[in-house]
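Below: the structure, in structure tokens.
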Amino acid sequence: MAHHLLLTTLLAFTCFSISAAFEPSPLQDFCVADITNAALVNGQVCKDPKLGQASDFFFTGLHLPGNTSNSFGSKVTPVNVAQLPGLNTLGISMARIDYAPWGVNAPHTHPRASEILTVLEGTLYVGFVTSNPENRLVAKTLQKGDVFVFPVGLIHFQRNAGYGNAVAIAALSSQNPGVISIGNAVFGSNPPIASEVLTKSFQVGKNVVDRLQAQF
């Protein structure tokens with residue numbers, strides 16, 4: 001009995017020591033991403049803080065409309081750590097999204113971030129789908145000045161529901177939120193997912209799968 005108690009105490013102390021050693025907050029003022037460093041880490045390697053310049057914390061261009069001349073009728077202009085090295089380790093990023101009339105930001109997910117969207121111009125129909133088994137659609141039509149939140153990891157979308165152009169700004173809770181476009185991932189993977197998998201999964205014929213894969 002005493003032996004078991006000793007083991008339990010040691011295990012609890014070890015777990016506490018490990019958790020106490022974890023520090024989620026930044027341990028320095030900033031960590032500008034060193035994009036020239038090829039080291040593989042969970043994120044970007046920091047360059048010497050003494051070499052940090054104002055340009056590392058600056059981005060310009062969100063005042064410019066994105067080119068929506070594509071099949072989706074939308075354009076996302078991201079500002080994450082790839083465009084703004086000073087965001088490294090800060091856990092934030094943003095994007096401008098432009099929509100042509102009836103344009104769509106197709107269903108996608110951000111595996112590492114929640115998103116808060118603000119409509120600057122136009123009318124957007126937006127929504128997300130909850131996880132299995134409910135798969136409930138949570139959707140709303142937004143007007144200029146409205147704000148909507150997409151929880152991390154959930155499939156979501158936006159569609160311009162008006163006759164004019166629309167613009168939104170999105171803020172995300174990661175410097176590198178990632179994006180998985182559902183159509184691209186399922187029907188445009190490289191190499192392609194076997195048609196036998198897709199026909200069975202979506203309960204459609206091979207001709208439908210072939211046609212969809214040809215689109216991506």
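Read-outs: derived from the displayed coordinates by stated rules, not from any lab. No experiment lies behind these values; they were computed from the predicted model shown. Counting neighbours? That spans all protein chains shown, and the Cβs are built from the backbone with ideal geometry, glycine included.
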Please get the size of the charge dipole for the chain, origin at its Cα centre, with Cβ charges of +1 on Lys and Arg and -1 on Asp and Glu, quoted in debye to the nearest 20. 500
Which of the chymotrypsin sites (Phe, Trp or Tyr not before Pro) across the stretch 113-204 are loop residues per DSSP, with 14 or fewer other Cβ within 10 Å? Y163
extent check for the stretch 110-216: Cα max minus min per principal axis, descending, whole Å, gives 46, 32, 27
Lys and Arg at +1, Asp and Glu at -1: add these up for the other residues within a Cβ distance under 9 Å of N165 and post the number. -2
Per-selection Rg to Rh, the stretch 26-178 - Cα, Kirkwood hydrodynamic radius: 1.03
Which of the GluC sites (Glu not before Pro) found in the stretch 105-214 are loop residues per DSSP with 16 or fewer other Cβ atoms within 10 Å of their Cβ? E134
Could you compute the net charge surrounding L51? Neighbours are other residues with a C-beta less than 14 Å from the C-beta of L51; K and R count +1, D and E count -1. -2
What lysines could a cross-link reach from K75, if we take a straight Cα to Cα line under 19 Å and drop same-chain neighbours fewer than 8 places away? K144
Around P85: net Lys/Arg minus Asp/Glu count, Cβ-Cβ under 14 Å: -2
The stretch 50-129: percent of C-alpha pairs farther apart than 21 Å? 38
